[in-house]
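Undergrad: If you scroll down you'll find the structure; I have some questions about it.
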Amino acid sequence: MTDTRSLSHGQEAQWFLHQLAPGATAYLTGVAVGIRGAVDVAALGRAVELLAVRHEMLRSTFTTDGGRPVRRVRAEGRLRLEHHALGAVGEEELRGRVAGALATPYRLDESGAFRIVLWTRTDGDAVLLVGGHHIATDAASDAVLLRDLLRLYASRVTGTDAGLPVLRGGFEEEVAKERALLASPRAAEQGRHWQRVCHGSAAAELPTDLPRPATPSLSGATCRVAVPAATAVRLREVARAAGVTPFALLLGAFQGLLYRSTRQRDFLIGCPVTTRMSSNSRHLVGNFINTIVLRAAIAPSTSFHDLAVAVAEQVRTGVDAIRYPFSLVARDLGRAPAAGRARAYAISFNMLSTAHLEPSLRPVLETGRPDTTTAYAGLTLRPYPLPQQEGQLDLGVDVVQGADTLTFDFRYDGALFERETVERLAHHYVRAVEIATAAPATPVARAPLWAATPVVPAAPAAPQTTEI
């Protein structure tokens with residue numbers, strides 16, 4: 001028996017993209033952990049089955065009904081653990097197999113949007129992957145699935161209760177809330193808000209190394225750089241003194257870098273935001289992501305501090321319209337995917353934090369410290385960073401914030417940029433953040449972004465009264 005459910009606008013957009021390029025890897029996501037110790041494969045296999053019972057998204061397939069995309073939920077799950085005993089293979093081959101599984105396309109209409117894979121080696125080392133398609137999951141969902149899977153595994157091994165939180169509601173409630181919003185007078189008001197933000201501006205676009213192809217490649221690579229520890233600490237202090245969040249300060253620095261790199265004085269970038277607005281949605285699996293557009297207007301005298309304050313103000317005024325689907329914003333502006341180059345944004349900026357995750361799992365999800373280990377569910381776990389979702393846009397920047405680390409992942413379209421270009425840009429961004437935190441009053445137009453001289457921190461400004 002199956003139930004048919006409507007999709008959110010975000011899911012419909014993912015379905016559209018999947019139909020255009022079913023073999024593309026740009027919207028495949030997941031989380032992996034390295035494991036030391038003997039894994040009870042039978043217990044893990046049963047844990048995967050119980051995981052599918054718990055989360056209906058793992059029992060879902062995606063198809064069309066009457067010309068509209070829908071989600072069909074099975075009463076029983078077909079998701080099974082894939083186990084590969086590799087013997088004495090090397091680390092390079094193991095990593096290649098994990099990356100290959102993450103990037104293997106899904107048959108959304110047949111097998112659904114998830115896979116869980118375990119690779120074991122004779123030396124007692126293993127890797128566990130929880131992978132999915134963005135139509136059904138997001139980064140927070142990946143963390144939820146990993147937590148629940150490991151708890152269910154421990155329960156099978158020890159014979160104790162898994163102690164999982166009770167699920168209240170489901171993703172269909174998210175869809176119902178969205179439909180109720182769009183049927184209300186608030187929808188027109190929220191749509192007008194984003195039109196005002198975008199009116200008269202254009203997407204930020206970096207000069208490319210290669211000619212832009214007629215259709216997006218939806219493939220690319222990732223360049224990761226780490227911020228010096230002192231800068232990561234100073235970021236929080238300077239943001240607090242300015243009355244803004246670290247996100248606002250980091251995005252302001254990135255806008256400054258784009259201004260210097262593109263010479264555009266007025267531009268838009270996209271920022272993914274969560275729509276998990278209630279405690280009920282915290283433990284659910286689904287695509288709880290929307291995109292908002294933020295605008296930068298930069299004059300010769302604009303400082304890094306000015307940009308951070310402007311970001312904070314835009315976030316404050318836009319928070320009430322965060323749930324308005326971006327696909328409708330693009331449609332209203334005539335910048336939907338079918339409109340070709342007339343895009344609302346070509347560059348995105350996202351900040352990921354592990355602060356909301358289960359404390360015992362944070363060490364293995366803070367990928368800025370790859371040598372960290374932690375004991376969990378009777379196993380010794382370590383981070384296993386996986387480049388993913390490459391080529392969605394010209395450039396996507398993910399800021400990964402751990403307890404005391406800060407790293408930047410620059411995910412770029414390999415059909416547009418050479419790796420050396422992106423590496424330079426990433427290191428210039430580190431420089432911009434160093435200046436923005438050491439001397440935030442520096443005008444962006446005169447900041448020595450390309451220099452290699454040390455940045456001397458200035459005394460922080462007096463705390464302001466507004467905190468975003």
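Undergrad: Being part of a loop (DSSP other than H, G, I, E, B) and not polar (S, T, N, Q) is the requirement here; does Pro272 meet it?
TA: no
Undergrad: Looking at the range 193-205, can you tell me whether even one residue there is without any contact (Cβ under 8 Å) to a residue 24 or more places away in the chain, of a type outside the set (Asp, Glu) and either in a loop (DSSP other than H, G, I, E, B) or surrounded by fewer than 21 Cβ atoms within 10 Å (Cβ to Cβ) (or both)?
TA: yes
Undergrad: Here are some residues: Leu352, Leu381, Leu416. Which one is open to solvent by less than 30 Å² (accessible area, probe 1.4 Å) and either more than 22 Å from Gly100 (Cα to Cα) or part of a helix (DSSP H, G or I) (or both)?
TA: It is Leu416.
Undergrad: Looking at the range 42-61 only, could you name the residues that are crowded, with 21+ Cβ neighbours inside 10 Å and among the hydroxyl-bearing types (Ser, Thr, Tyr)?
TA: Passing the criteria: only Ser60.
Undergrad: Among the residues of the range 238-269, how many are farther than 30 Å from Thr137 by Cβ and either among the β-branched types (Val, Ile, Thr) or outside any helix (DSSP H, G or I) (or both)?
TA: Final tally of qualifying residues: 9.
Undergrad: Can I ask one more? Quick one: Arg80 ticks every box in (1) over 28 Å from Asp123 (Cα atoms); (2) touching a residue at least 12 places away in the same chain (Cβ under 8 Å) bar one, so which box is it?
TA: Going through the list (1) over 28 Å from Asp123 (Cα atoms); (2) touching a residue at least 12 places away in the same chain (Cβ under 8 Å), Arg80 breaks only (1).
Undergrad: Sticking with this structure for a sec: Among residues belonging to the range 281-316 that are polar (S, T, N, Q) and assigned to a loop (DSSP other than H, G, I, E, B), point out the one that is surrounded by the fewest Cβ atoms within 10 Å (Cβ to Cβ).
TA: Ser301
Here is a yes/no grid of residues against (1) open to solvent by 40 Å² or more (accessible area, probe 1.4 Å); (2) within 16 Å of Gln314 (Cβ to Cβ); (3) of a type in the set (Gly, Ala, Ser):
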position	(1), (2), (3)
Gly243	no, yes, yes
Phe247	yes, yes, no
Leu251	no, yes, no
Thr262	no, no, no
Val273	no, yes, no
Ser279	yes, no, yes
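Undergrad: Looking at Thr231, is it under 23 Å from Val31 (Cβ atoms) and at pLDDT below 95?
TA: When the stated conditions are applied, Thr231 does not pass them.
Undergrad: Arg323 fails exactly one of the following numbered conditions: (1) assigned to a loop (DSSP other than H, G, I, E, B); (2) more than 24 Å from Glu172 (Cβ to Cβ); (3) modelled with pLDDT of 80 or more; (4) open to solvent by 10 Å² or more (accessible area, probe 1.4 Å). What is the number of that condition?
TA: (2)
Undergrad: Of Arg411, Arg431, Arg446, which residue is of a type in the set (Lys, Arg) and either under 26 Å from Leu28 (Cα atoms) or touching an Asp or Glu at 6+ places or on another chain (Cβ under 6 Å) (or both)?
TA: Matching residue, one of Arg411, Arg431, Arg446: Arg411.
Undergrad: While we're here: Which members of the range 73-106 meet the condition of being of a type in the set (Gly, Ala, Ser) and either open to solvent by 80 Å² or more (accessible area, probe 1.4 Å) or more than 24 Å from Phe62 (Cβ to Cβ) (or both)?
TA: Ala85, Gly87, Ala88, Gly90, Gly96, Ala99
Undergrad: Which residues, counting only those in the range 355-378, are of a type in the set (Gly, Ala, Ser) and either open to solvent by less than 40 Å² (accessible area, probe 1.4 Å) or touching a strand residue (DSSP E or B) at 6+ places or on another chain (Cβ under 7 Å) (or both)?
TA: Ser360, Gly368, Ala377
Undergrad: Further question: What do you reckon, is Ala441 modelled with pLDDT of 95 or more, open to solvent by 40 Å² or more (accessible area, probe 1.4 Å) and not in a helix (DSSP H, G or I)?
TA: Here the answer is yes, as Ala441 does meet what is asked.
Undergrad: State yes or no: is Leu328 at pLDDT below 95, surrounded by 14 or more Cβ atoms within 10 Å (Cβ to Cβ), aliphatic (A, V, I, L, M) and closer than 18 Å to Ala187 by Cβ?
TA: So Leu328 passes the test.
Undergrad: Next up: Please determine, by comparing only the residues of the range 19-35 that are within 17 Å of the chain's Cα centre (by Cα) and of a type in the set (Val, Ile, Thr), which one is farthest from Ile116 (Cα to Cα).
TA: Thr25
Undergrad: Here is a further query. Can you report the number of residues in the range 107-163 which are modelled with pLDDT of 95 or more, closer than 30 Å to Gln14 by Cα, open to solvent by 10 Å² or more (accessible area, probe 1.4 Å) and hydroxyl-bearing (Ser, Thr, Tyr)?
TA: 0
Undergrad: Kindly list the number of the only condition in (1) part of a loop (DSSP other than H, G, I, E, B); (2) more than 30 Å from Asp142 (Cβ to Cβ); (3) of a type outside the set (Lys, Arg) that fails for Met277.
TA: Tallying (1) part of a loop (DSSP other than H, G, I, E, B); (2) more than 30 Å from Asp142 (Cβ to Cβ); (3) of a type outside the set (Lys, Arg), Met277 fails exactly one: (2).
The values are calculated or read from the model by the stated rules, or taken from the named source; none is laboratory data. For clarity, every value in this text was computed on a predicted model and none was experimentally measured. Counting neighbours? That spans all protein chains shown, and the Cβs are built from the backbone with ideal geometry, glycine included. Side chains are part of the model used for accessible areas, which takes the heavy atoms of the whole protein and leaves out ligands, DNA and RNA. Shrake-Rupley method; radii C 1.70, N 1.55, O 1.52, S 1.80 Å.
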